[in-house]
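What follows is a set of notes on a single structure, which appears directly below.
The values are calculated or read from the model by the stated rules, or taken from the named source; none is laboratory data. Quick caveat: nothing in here was measured; it's all calculated off a predicted structure. A quick note on method: Cβ atoms are made from the backbone with ideal geometry, for glycine too, and the neighbour counts reach across all protein chains shown. These area figures cover heavy atoms from the full protein model, side chains too; ligands, DNA and RNA do not enter into them. Shrake-Rupley method; radii C 1.70, N 1.55, O 1.52, S 1.80 Å.
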Amino acid sequence: MSTDRDWDRRADELAAASVAESPTRWFVQLWGEAAEDRIDTPWARTAAYPPVVEHVAAAGPGEGRRAVVVGAGLGADAEHLATQGWAMTAFDVAPAAVELARDWHPGTVVDYRVADLLDLPPDLVGAFDLVVDVFTVQALPPRVRPEAVAGVRALLAPGGTLLAVQFVRERGEDPGVDPPWLLDEDEVRSLAAGDVVLHSLDRRGHPLNPAGPDVWVAVLRRGT
Ligand SMILES: C[S@@+](CC[C@H](N)C(=O)[O-])C[C@H]1O[C@@H](n2cnc3c(N)ncnc32)[C@H](O)[C@@H]1O
């Protein structure tokens, strides 16, 4: 049941009011309202997402290699990677999300920063051995999807790996007007372009909720 503090309902309102003009303004507003304790905390996941845990375990210790989490929210995935020896950057377009992530993880070694996937700071481009995106591409409207996907790819260093986790949309199913705008198989395959090739694509049941939608787990690599 929705309440005044229901962040999901507020997200729908804010997105409906501004996403036609700006793909990201509603995130800045939503996280700002959460930081002011006017709504419950959005995407308040305290543990790393299971496909991230699994991928990182298989990849072995980070040993100081550089990794980045895109649209990092409260930082559960970035913090987990840091414990596995990765030198972590985690960015979000919403300044309040970055502040909350720092608050949630006092003494963190993760470099949390404000940055826009659609307009990346030059020092992030081509800088990472591992790029992790959990549900950020699908949070951006289809009209900017080519830029979002290009942004994710652009973060990869030569030889780097991209792990992308997105909810499944069936081919031909209407993506709808409200976020999130789920990816069909062709869209998730379109993460590969140029020297970034698809290494594996799995469709799995929802990792946390048996009644929830399936997820794509895509692993891509940039050539050396
Ligand atoms: C659906 S939430 C997922 C958060 C987190 N990855 C998780 O799984 O809990 C999407 C996140 O991406 C951020 N975001 C949206 N557009 C972005 C952009 N263009 N650049 C960076 N972050 C963005 C939002 O502020 C939000 O925190």
Quiz item: Stretched out fully, how many nm does the piece from His199 to Thr224 gain, at 0.36 nm a residue minus the Cα gap?
Solution: 7.6 nm
Exercise. Taking H placed 1.01 Å from N in the peptide plane, check which residues at least 5 places from Gly160 or on another chain put their amide H under 5 Å from its amide H.
Key: Arg222
Practice problem: Would you grab the residues whose amide H sits under 5 Å from the one on Asp184? Only those 5+ places off in sequence or on another chain, please, with H modelled 1.01 Å from N. | Solution: Arg169
Self-check item: Ratio of Rg to Rh over the range 94-206 (Cα coordinates, Kirkwood Rh, two decimals)
Solution: 0.98
Quiz prompt | Potential extension, Thr46-Asp103 segment - 0.36 nm per residue separation minus Cα distance | solution = 19.2 nm
Self-check item: Cα centroid of the range 13-49 to Cα centroid of the range 145-216, whole Å
Solution: 21
Practice problem: Compare the peptides 117-127, 205-215, 88-98 by average per-residue count of other Cβ atoms within 10 angstrom and give them in order, highest first. | Solution: 88-98, 117-127, 205-215
Exercise. With a cut-off of at most 12 other beta carbons within 10 Å, and DSSP calling the residue loop, which GluC sites (Glu not before Pro) in the range 1-54 qualify? Please list them.
Key: Glu21, Glu36
Quiz item: Which one of Pro23, Gly62, Tyr49 is farthest out on the positive end of the charge dipole of the chain, using unit charges on Cβ (Lys, Arg +1; Asp, Glu -1) and the Cα centre as origin?
Solution: Gly62
Exercise. Quickly work out the His206-to-Val125 label distance, labels modelled 7 Å from Cα along the C-beta direction, and quote it in nm with one decimal.
Key: 3.9
Quiz item: Around His199, which amide H atoms from residues at least 5 apart in sequence, or from another chain, sit under 5 Å from its own amide H, with H modelled in the peptide plane?
Solution: Val219, Leu220, Arg221
Exercise. For the chain, with a Gaussian network of springs between Cα atoms less than 10 Å apart, report the residue from Val144, Val52, Val110 with the top mean-square fluctuation.
Key: Val144
Exercise. Considering Cα pairs under 8 angstrom that are at least six residues apart, work out the relative contact order of the range 45-222 and quote it in whole percent.
Key: 18
Self-check item: Per residue solvent-accessible surface (Å²) - the range 45-222, probe of 1.4 Å
Solution: 42
Quiz item: Using 7 Å Cα-to-Cβ label points, what is the Ser190/Asp111 separation (nm, one decimal)?
Solution: 3.2
